[in-house]
Structure formats: C-alpha cells, structure tokens
Protein chains: 2
Amino acid sequence: MQVLLKDLARAAGVSEATASRALSGSGRISSETRKRVRSLAEKMGYHVNTLARGLASGKTNFIGVCGAGVLQPFMHRLLSQLASYADRKGQKLIFAPWPLEEGLQVLLSLGIDGLLICWETLSADLAAELRERQLPTVVLGAHSKYCSSFNVDRIGGVKAGISKLISLGHRRIAFVGENAASDKWQGFVEAHREAGLEVSEAVMVPCQGSTLGGYRAKDLFLAAECSAAFATSDEIALGLLKSLEEDGRRIPADYSILGYDGIYLDQLGRPRLATLAQPSSALASKAIEQLFAAPSQVVHQSILPEFIAGDSIGMRG
Amino acid sequence: MQVLLKDLARAAGVSEATASRALSGSGRISSETRKRVRSLAEKMGYHVNTLARGLASGKTNFIGVCGAGVLQPFMHRLLSQLASYADRKGQKLIFAPWPLEEGLQVLLSLGIDGLLICWETLSADLAAELRERQLPTVVLGAHSKYCSSFNVDRIGGVKAGISKLISLGHRRIAFVGENAASDKWQGFVEAHREAGLEVSEAVMVPCQGSTLGGYRAKDLFLAAECSAAFATSDEIALGLLKSLEEDGRRIPADYSILGYDGIYLDQLGRPRLATLAQPSSALASKAIEQLFAAPSQVVHQSILPEFIAGDSIGMRG
DNA sequence: TTGAAAGCGCTACCAA
DNA sequence: TTGGTAGCGCTTTCAA
C-alpha cells in the first residue's frame with residue numbers, strides 16, 4: 001500500500017498538520033519533531049502526493065518550459081543548465097514540447113509556479129491570461145513586451161565575431177543565411193563600418209537554414225569572391241564547409257568559416273567549428289533568478305553569444 | 001478570474017456533477033446537455049484543473065517519460081513520435097530528464113497513468129514499486145525482466161548492415177567502437193560467418209564513443225588494413241570520416257563507413273552518412289499501444305534498425 | 001438522466 | 001509549538 005500522510009502522522013504520534021509542517025520546511029515546529037518525522041518518512045517510504053499538495057497549497061514547485069526551441073539541438077545545454085539552477089531553488093522543470101498555446105494549457109492546468117518560454121514571443125492574449133493568473137514568466141532568446149526577457153545580443157555577438165575575422169586580415173566576408181536574420185546582418189554591417197570597410201550587398205549569400213542549404217550555397221559563395229564566410233547557423237556553416245572541402249578547398253587555409261549557435265559544443269572535438277555560441281549558462285541562471293525575483297520588476301537584458309575560437313578560421317591566406 | 005466548474009455549472013443551469021459528466025465524456029448524460037455545456041465551456045474559457053481532476057479521479061492522462069536517453073540527440077525523433085501517438089489516445093507526455101530514481105519519484109507523485117523508460121533497465125526494487133502501484137510500464141531500447149519491453153535488435157541490425165558491406169565487395173571490415181557494444185559485435189561476427197568469411201580480432205578498433213574518439217581512431221583503423229569500417233555510433237563514424245578525409249582519403253572511394261543510430265537523419269542533407277537508424281516510429285507506436293493493452297500481457301519484442309543507404313559506403317575500390 | 005453529498009490527500013487557518 | 005477543521009476543484013457514488 002501507498003503510505004499516506006495520516007499513516008506517517010499516526011506512526012509518529014503527531015497530527016497530520018504537524019507531520020505536514022515537518023515535511024514542508026516552513027511553519028513553526030520544533031526541530032526535534034521535524035527530525036523524527038522526516039526520518040520516519042524516509043523509513044516508511046513516504047512521498048507527498050504532488051497533486052494533493054498542489055491543490056491544497058496552490059504551489060507545485062514546478063516550472064514549466066515551453067516554446068519552439070525546446071527540442072532543438074542547441075537547447076540541450078540550455079535545458080540542462082536550467083534544470084540545475086532550478087534544482088538549487090527546489091524547483092523541478094516540466095517540459096511541454098508542443099505548440100505554445102497547447103503546451104501552455106497543459107502547464108497552466110498543472111498549477112506551475114513559473115513559466116519559461118524559449119525562443120518564442122508571447123501574444124497579447126496569452127500575456128493577459130498569464131498576468132491575470134500572476135504567473136511569473138520569463139521569455140528566453142527573444143524580446144517580450146509583456147514580461148521579463150533575456151534575449152541574445154545577436155547584433156553585438158555577430159559584430160564581435162566579424163571584427164575578429166577582420167582582424168585576421170579578411171576584407172571581404174560573405175554573409176550566408178536566411179534573409180530574415182536581420183539582427184545578424186546589422187551586427188555584420190556595424191563591424192565593417194567600425195573598421196572603416198564598405199559592405200556591398202553582393203556578399204549576401206541567401207540560403208536555407210539547414211545543412212543542405214549551406215551545402216548548396218557553395219557556388220554562390222565562391223561567386224561572391226570572399227575569403228571568409230559568416231553563416232547564420234552552425235548547420236549552414238557545416239554544410240558549406242563540407243561542400244567546399246569536397247571541392248578541394250582547404251579550411252581555414254583557403255577560406256575561413258564562422259558559424260552561429262554552438263550546437264556541437266559538447267560533441268565535436270576536432271576539428272571544431274569556430275562559432276558564436278548561445279550563452280546558455282548566463283541565460284539559464286538569469287532566467288531562474290528572475291523567476292523568483294520581485295514579480296513587479298520587469299527586466300530586459302541582452303546577452304552576448306560566446307565567441308568560440310575553433311579551427312575553421314584563420315589568417316587570410 | 002479563473003473560471004471554475006461551479007461557475008460553468010451555474011451558467012449552464014445544471015449541477016456541478018452534470019457539468020463534470022458533460023466534460024469528461026464518460027458518464028450517462030443527454031447529448032443535448034453535453035453539447036450545451038461544452039460549447040459554454042469553450043465560450044467562457046473554462047479549463048479543468050488537472051491537479052483537482054487527478055486527485056479526485058486517480059487518473060491524469062499523463063504519460064511519464066524518463067530514462068538516460070531522454071535528452072540524447074537520436075531521441076528527438078522518438079520523442080516526437082511518442083508525443084503524437086500518445087496524443088491520439090488523449091494522453092500527454094511529461095518528460096523528466098533526470099536520473100531514473102529521481103525522475104521516477106517526480107512522475108509518480110504526479111499521478112501519471114503510464115510510464116515509458118528509455119534506454120535504461122529497471123531495478124528489481126523500482127519494478128516492485130511500480131507493480132504495487134499497478135502502473136503500466138514499458139521499457140524502450142532495452143530488455144526488461146519486469147515489464148513489457150521493446151528492444152532494438154542490434155544483433156540483427158548490425159548483421160544486415162555488415163552483410164550489405166560484404167555484398168559490396170568488402171572482405172575485411174573494421175569494427176570501430178567501445179568494447180562494451182557486444183550485441184553489435186555479435187551481429188558483426190554472424191554476418192561474416194554467414195558469408196563464409198573469417199573474422200580476426202585484429203579488425204577491432206577500440207575507441208571512445210564520441211566524435212573525438214572516432215577522430216582519434218584513424219591510425220588504428222588504417223593499421224587494421226580494412227576497406228570499410230562499421231562504427232558503433234554515428235558520432236564515431238563522423239569523427240573517423242572527418243579524420244580520414246583530412247588525411248586525403250576519399251569516402252567512399254577509398255573507404256566505406258557505416259554508422260549506427262541515425263542521429264542526423266533530419267538534419268543532414270548531403271553527404272549523408274550510411275547508418276543503421278533507430279527504428280523510432282515502430283518503437284513509439286508499439287510502446288504506446290502496449291501501454292494501453294491488457295496490463296497482464298507482458299510483451300517482449302525486438303525491432304530491427306532501419307538501414308539508411310547513404311553516401312558513405314560503396315563498392316570496394 | 002440528474003442532483004446532493006462525500007471524499008481524493010494535503011495544507012492553512014484558527015484556537016489552544 | 002501543536003491539534004482540529006475547513007477547504008483546494010474536481011469526480012463519483014447513491015438516490016431520486
């Protein structure tokens with residue numbers, strides 16, 4: 001049989017109320033009673049029923065995680081960081097890897113104490129509902145009008161990466177990626193301007209945001225006559241790199257390639273793609289911190305990606 | 001304000017009991033009342049409180065997913081397949097990507113209706129606890145003594161893959177991977193035996209199960225004087241491939257490489273690694289099916305990985 | 001087919 | 001510091 005609170009209370013010779021206090025950590029109670037009840041709970045194999053506790057207290061110690069990115073490759077690092085920071089606050093992460101609206105309903109009906117939305121923005125309607133419930137919410141990897149958000153400073157990150165390429169002697173750098181990536185394009189342009197270089201739109205190599213896209217972008221890239229490429233995602237970078245190598249070009253001797261995201265940080269040893277990695281550790285710690293900060297404080301912050309010096313960039317040949 | 005069942009009932013002019021019946025789909029109730037209550041619920045934005053429903057009914061419609069593999073790269077496909085099959089049964093997946101014991105406690109205290117354990121086996125203790133709670137449990141990607149399990153037929157899969165290499169003219173194939181992979185080794189040997197070929201232990205190239213491991217295994221592989229390599233994971237395969245190409249060898253002209261797992265199926269276009277992909281779709285549908293089958297029926301099944309003919313294998317040069 | 005009422009297991013309030 | 005008691009929001013008997 002499942003051990004219930006009343007069984008525990010009876011065995012300890014106290015009331016259910018006292019047993020509950022002993023376990024929950026709050027409440028006024030003698031430390032001796034607490035110790036006794038807790039050790040007994042362990043011995044008897046008692047575990048609170050989360051459902052009942054949540055219903056009675058209105059708190060579940062669950063933090064819901066949803067949003068487009070939840071199952072994306074570069075999210076592994078972020079998710080495990082989030083889980084570990086949350087753990088220190090005694091909270092557990094629950095993932096709802098579905099479309100935002102749907103995932104949100106599940107999470108809300110579970111009585112989560114906080115919500116993290118990853119790589120997606122919040123509609124006004126949803127924001128209103130969340131506000132009404134007073135649910136602490138943080139948006140990660142995007143900006144939100146409605147709640148605290150920790151965005152990635154794509155402009156600054158790309159700018160720093162491109163400056164690095166320029167300092168390595170590259171004077172004509174291709175911008176390979178989906179056109180929509182306008183933040184990244186802006187950082188790209190700013191780095192050039194700061195170095196006193198002109199940027200022609202001819203260095204823009206449009207391609208789909210996949211490895212295949214990068215693979216197919218080779219001819220356009222070569223036609224752009226650049227000595228280096230900035231790819232707006234690591235997938236693109238890897239595809240392009242592969243395709244250039246198959247063509248007999250050497251990386252980084254002939255061409256330098258800089259990626260974005262840091263998807264393979266844990267996986268690839270050498271040769272490692274130089275990339276602008278998502279600042280997952282900073283994002284995670286700030287997000288969790290903010291979730292438990294004064295709820296009235298709405299904070300917006302942008303965090304720079306981390307420049308990872310890999311083996312795919314070098315001095316201009 | 002949050003809309004509660006009693007608000008809905010009052011608005012519909014029925015008792016809470018009736019409103020509850022109208023929503024839950026079971027219970028005897030006139031279809032007219034049901035329709036009225038349901039449309040009203042939608043209009044008023046009513047959502048059941050999962051906590052309360054779970055507490056009262058003992059059912060949550062949640063299926064817990066835990067085990068070592070939950071956040072591994074090749075699990076993406078499996079997890080989304082699981083989610084979609086579960087959805088058809090009106091169930092939602094909840095992920096607990098922590099060490100098994102810990103994740104299990106969270107899930108159990110949530111009152112899940114079923115449990116999927118991925119790529120891990122169940123200890124006798126845990127099995128006993130699950131049995132006591134009568135929680136339908138299925139183990140995926142491993143064999144279990146204690147509950148239904150759908151394992152991957154690694155032996156048969158590798159055997160088929162190696163036979164394919166043999167049919168392409170390869171007579172001496174390296175086995176690159178961690179030594180622990182004994183199922184795979186067995187399949188490797190059987191394929192040779194069936195073809196009337198001898199297997200020398202000299203073709204065993206031990207290496208760590210990472211891209212870096214594969215990258216470093218190059219010299220040992222070359223020393224083994226094989227025309228093809230079977231790597232026990234795609235990471236290893238990719239590392240080895242990369243390292244050989246850097247060395248000026250052409251794949252598959254000079255060497256054929258076959259991987260295992262299918263981690264990049266969705267991501268990489270060309271060139272695509274030939275691999276033995278985890279049979280995620282079959283695993284997912286069978287697992288969900290079994291979860292709702294007669295609980296007394298314990299089923300054990302092994303499913304063949306899917307052979308993906310990529311561009312990394314070819315006729316012996 | 002419906003309504004009234006008794007819980008599900010726990011926490012929170014009040015009084016002692 | 002403790003115990004009694006009234007719910008949390010829902011489902012599920014049992015009668016009607």
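Since every read-out is calculated from the coordinates, none of them should be taken as a lab result. All figures in this text were calculated on a predicted structure; none of them were measured in a lab. So basically every Cβ, Gly included, is an ideal-geometry build from the backbone, and we count neighbours across all protein chains shown.
What the table below lists for this structure:
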quantity: Relative contact order computed over the range A:42-155 (Cα-Cα under 8 Å; 6+ residues apart), in percent; calculated: 25
quantity: Protection proxy ranking of B:128-137, B:79-88 - average other beta-carbon atoms within 10 Å, highest first; calculated: B:79-88, B:128-137
quantity: Shortest-first nm distances, B:M204 label point to equivalent points in other copies (7 Å, Cα→Cβ); calculated: 5.8
quantity: Peptide-level mean, for B:48-56, of C-beta atoms on other protein chains within 10 Å; calculated: 6
quantity: Under Karplus coefficients 6.51, -1.76 and 1.60, residue-wise ³J(HN,Hα) of the range A:252-260 in Hz, glycine/proline x; calculated: x, 4, 8, 9, 9, 10, 10, x, 8
quantity: Total charge dipole magnitude, the range B:69-170, about the Cα centre, Cβ charges on Lys, Arg, Asp, Glu only, Debye to nearest 20; calculated: 540
quantity: Shape category assigned to the range B:96-197 from the gyration tensor of Cα positions, a/c cut at 1.5; calculated: prolate
quantity: Ranked list, fewest to most other Cβ atoms within 10 Å of each Cβ, for B:K89, B:K164; calculated: B:K89, B:K164
quantity: Prolate/oblate/rounded call for the range A:56-145, Cα gyration tensor, a/c under 1.5 rounded; calculated: oblate
quantity: Translational diffusion of the range B:131-174, µm² s⁻¹ [Kirkwood Rh, Cα pairs; Stokes-Einstein; 25 °C; 0.890 mPa s]; calculated: 188
quantity: Number of partner chain Cβ atoms within 10 Å, mean per residue of A:235-247; calculated: 2
quantity: For the range B:11-168, convex hull of alpha carbons as volume per residue, Å³; calculated: 169
quantity: Chain B: relative contact order as a whole-number percent, Cα under 8 Å and 6+ apart; calculated: 16
quantity: Label geometry 7 Å along the beta-carbon vector: B:Q297 inter-copy distances in nm; calculated: 5.7
quantity: Residue mean of other protein chain beta carbons inside 10 Å, A:94-104; calculated: 3
quantity: Distance histogram in 10 Å bins (all Cα pairs of chain A, percent per bin); calculated: 6, 23, 24, 19, 14, 8, 6, 2, 0
quantity: For chain A, calculated [θ]222 nm from helices alone, where every DSSP H run of n ≥ 4 adds -39500 (n - 2.57); calculated: -13000 deg cm²/dmol
quantity: Nearest-first distances (nm) between copies at B:D87, label 7 Å from Cα via Cβ; calculated: 3.1
quantity: Angle between chain A longest axis and helix A:234-246 axis [Cα atoms, degrees, rounded to 10]; calculated: 40
quantity: Degrees separating the helix A:31-44 axis from the principal Cα axis of chain A, which is the longest one; calculated: 80
quantity: Rounded, prolate or oblate (a/c below 1.5 giving rounded, otherwise prolate when a/b exceeds b/c) for the protein assembly as shown by Cα gyration tensor; calculated: oblate
quantity: Under the Karplus curve 6.51 cos²θ - 1.76 cosθ + 1.60, θ = phi - 60°, whole-Hz ³J(HN,Hα) for the range B:199-207, x wherever Gly or Pro sits; calculated: 10, 9, 5, 5, 7, 6, 10, x, 7
